[in-house]
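Read through the structure below, which is laid out as structure tokens, and then see the notes.
The values are calculated or read from the model by the stated rules, or taken from the named source; none is laboratory data. Everything numeric in this text was worked out from a predicted model, so none of it was measured. Methodologically, a virtual Cβ is constructed for each residue, glycine included, from the backbone with ideal geometry; neighbour enumeration extends over all protein chains shown. For accessibility, only protein heavy atoms count, side chains too; no ligands or nucleic acids. Shrake-Rupley method; radii C 1.70, N 1.55, O 1.52, S 1.80 Å.
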Amino acid sequence: MKQKLPHQLLVDVSVIMRSDAGTGIQRVVRALLGALLDADLDGYVVRPIYATRTEPYAYVPCEAILLSGLAIATPAPVGVVSAEKGDIFLGLDLAANILPRHRRQITRWRRQGCVVATVMYDLLPEQRPRWFNPRTRRNYRRWLRVVTRCSDRIICISQEVARQLEAWIAARPWRGNGGLQVNHMRLGCDIGRTIPSKGVSAEAASLLAGWSKSRLVLVVGTIEPRKGHSCLLPAFDLLWSEPAGEDVVLVFVGRPGWRTERLQDRIRTHPMAIGSEPDRRFFWFDDASDEFLDCLYRSAHGVIVPSLAEGFGLPLVEALGHGVRVLARDLPVFRAMNLAKVSYFSQDEPVLLARAISEWLDHGDGVPALAANPVPTWRDSFGDLLSCLSIAERDNRDVKVAQNAAHGNRTNPIIDSGLT
């Protein structure tokens, strides 16, 4: 009797194949791709694929995966991707400038019976275009049109993003398709499961040791408009001018972003950032490794998340995963998580924000633990993803589906219909 061959789970890693920016989306891609490659999936073999702006989707060579530190059990075919009925294409990477160029290839796979699933990180370039460069806006809008028309499933990284996407489609019925299913998954807190980049310099280690007697406040995120860094500088100036703030050290970790050149200059030339070491209390690390970031979380007295909008908010759960208190802007996406040790602020006015930060540093325990949800891990995220894809790990199908339903994912009509 001929043995049935497994279906392909085709995982798009087009962007990270070319360049790993080391930001939140890349941690998501590394964590979930690593978990997929490590898992024994029921009826599926994982095949990472990639495309360029000019070349169609092809299988990622095994050696490229191995060099990145990921293990791959089954050799990938060579050449252009061939997809058929029962296969799944998973748009895990945010390839906004690449995927739309290969719409015909993806549409052909779909006609042949391949299920197309896309991960949606947020809708911000569509909702808040002034925060982004013109090219980013154009690429994103083209990508959004393609994925809402050509996907069978869109997997959002939070309930809030799923709600926003459903509202966007409902207001533009011609943009979607009748069979599209929208679901969501959570993201994880444990950096060690993201195939973290390594490296802590002697200077960084010395700084960490020197901050042991200070109250270290950490802010993590690319220096871009929506991350809200600018409101912190006037507030911390007031805090530092008071005796109660003398032991407070502020640390930014994040790449230099777009449309924030003046803010970046203010950060680099701030008096607290250029003083001599004993008096210096403001630091910006624009190329920190994941290992160093993990050390900073462990050393932090608290983490501030001042973002004006987020799809999920990895720094918030990463801080909580280290047992560190959080002061976050009062956003629906954060409130919906209902996590312990999170306090909220809503005022950017320097005096009010400085007071809120001071009170939080002294007393901020946020939501009581007994009333809160557990902090999600990457194992939870992986389980959510498999549930959204209607895939289970081998020999545990019923258990996994039950576990993921218990995590709070909304009912997925695709699972109920048995479409795989």
Can you find, within segment 46-63, the residue that is modelled with the lowest pLDDT among those that are in contact with a strand residue (DSSP E or B) (Cβ under 6 Å, 6 or more places away or on another chain) and either open to solvent by less than 20 Å² (accessible area, probe 1.4 Å) or outside any loop (DSSP other than H, G, I, E, B) (or both)?
Val60
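Quick check on Ser381: is it within 17 Å of the chain's Cα centre (by Cα) and hydroxyl-bearing (Ser, Thr, Tyr)? Can you show your working first?
Details: within 17 Å of the chain's Cα centre (by Cα): yes; hydroxyl-bearing (Ser, Thr, Tyr): yes.
For Ser381, the condition - within 17 Å of the chain's Cα centre (by Cα) and hydroxyl-bearing (Ser, Thr, Tyr) - is met.
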So for segment 90-105 (the condition being modelled with pLDDT of 95 or more, among the polar types (S, T, N, Q), open to solvent by less than 30 Å² (accessible area, probe 1.4 Å) and assigned to a helix (DSSP H, G or I)), does at least one residue qualify?
yes
Name the helices (runs of 4 or more DSSP H) wholly inside segment 198-293 in which the number of residues that are surrounded by fewer than 16 Cβ atoms within 10 Å (Cβ to Cβ) is 2 or more.
202-210, 261-269, 271-274
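Within segment 6-15, can one find any residue that is without any contact (Cβ under 8 Å) to a residue 40 or more places away in the chain and either open to solvent by 50 Å² or more (accessible area, probe 1.4 Å) or in a loop (DSSP other than H, G, I, E, B) (or both)? Even if it seems obvious, please write down each step before you answer.
Here is the first cut: in segment 6-15, the ones without any contact (Cβ under 8 Å) to a residue 40 or more places away in the chain are 6.
Filter once more, keeping what is either open to solvent by 50 Å² or more (accessible area, probe 1.4 Å) or in a loop (DSSP other than H, G, I, E, B) (or both): 6.
Yes.
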Write out, first by first residue and then by second, each pair whose Cβ atoms fall under 8 Å of each other, whose residues are 6+ apart or on separate chains, and whose first residue, in segment 34-55, is farther than 18 Å from Phe89 by Cβ while the second is outside any helix (DSSP H, G or I) and among the small types (Gly, Ala, Ser).
Asp38/Ala71; Asp42/Ala392
Against the condition within 30 Å of Gln164 (Cα to Cα) and in a helix (DSSP H, G or I), how does Phe334 come out, does it pass?
yes
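Can you tell me how many residues within segment 301-311 are over 19 Å from Ile357 (Cα atoms) and surrounded by 24 or more Cβ atoms within 10 Å (Cβ to Cβ)?
Taking segment 301-311 first, the residues over 19 Å from Ile357 (Cα atoms) are 309-311.
Narrowing the set further to residues that are surrounded by 24 or more Cβ atoms within 10 Å (Cβ to Cβ) leaves 310.
Qualifying residue count, segment 301-311: 1.
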When the residues of segment 191-238 are narrowed to those that are at pLDDT 95 or above and of a type in the set (D, E, K, R), which ends up nearest to His270 (Cα to Cα)?
Asp237
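Rundown of residues vs (1) modelled with pLDDT of 95 or more; (2) farther than 30 Å from Phe236 by Cα, yes/no style:
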| residue | (1), (2) |
| --- | --- |
| Gly364 | no, no |
| Val367 | no, no |
| Leu370 | no, yes |
| Trp378 | yes, yes |
| Phe382 | yes, yes |
| Leu386 | yes, yes |
| Arg397 | no, yes |
Take the conditions open to solvent by 50 Å² or more (accessible area, probe 1.4 Å) and touching a Lys or Arg at 6+ places or on another chain (Cβ under 8 Å) and apply them to Arg141. Does it pass?
no
Of Val147, Val116, the only residue that is out of contact with any His (no Cβ under 9 Å at 6 or more places or on another chain), crowded, with 21+ Cβ neighbours inside 10 Å and under 24 Å from Val333 (Cβ atoms) is Val147
Being basic (Lys, Arg) and more than 19 Å from the chain's Cα centre (by Cα) is the filter; apply it to segment 324-364 and report the residue that is least open to solvent (accessible area, probe 1.4 Å).
Arg325
Could you grab me the full set of residues in segment 165-186 that are assigned to a loop (DSSP other than H, G, I, E, B) and either polar (S, T, N, Q) or open to solvent by 30 Å² or more (accessible area, probe 1.4 Å) (or both)?
Arg172, Asn177, Gly178, Gly179, Arg186
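Have a look at Asp40, Asp87, Asp20 and point out the one that is open to solvent by 60 Å² or more (accessible area, probe 1.4 Å), at pLDDT 90 or above and of a type in the set (Asp, Glu).
Details: Asp87 fails: open to solvent by 60 Å² or more (accessible area, probe 1.4 Å); Asp20 fails: at pLDDT 90 or above.
Just one listed residue meets the conditions, Asp40.
Condition first: more than 13 Å from Asp237 (Cα to Cα) and either touching a residue at least 60 places away in the same chain (Cβ under 8 Å) or of a type in the set (Ser, Thr, Tyr) (or both). Now tell me which residues in segment 342-355 satisfy that. Give the steps one after another, and end with the answer.
We begin by selecting, within segment 342-355, every residue more than 13 Å from Asp237 (Cα to Cα); these are 342-348.
Residues satisfying the conditions are Ser343, Tyr344, Ser346, Asp348.
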When (1) under 18 Å from Ser214 (Cβ atoms); (2) in a helix (DSSP H, G or I); (3) open to solvent by less than 10 Å² (accessible area, probe 1.4 Å) are applied to Arg298, the one that fails is (3)
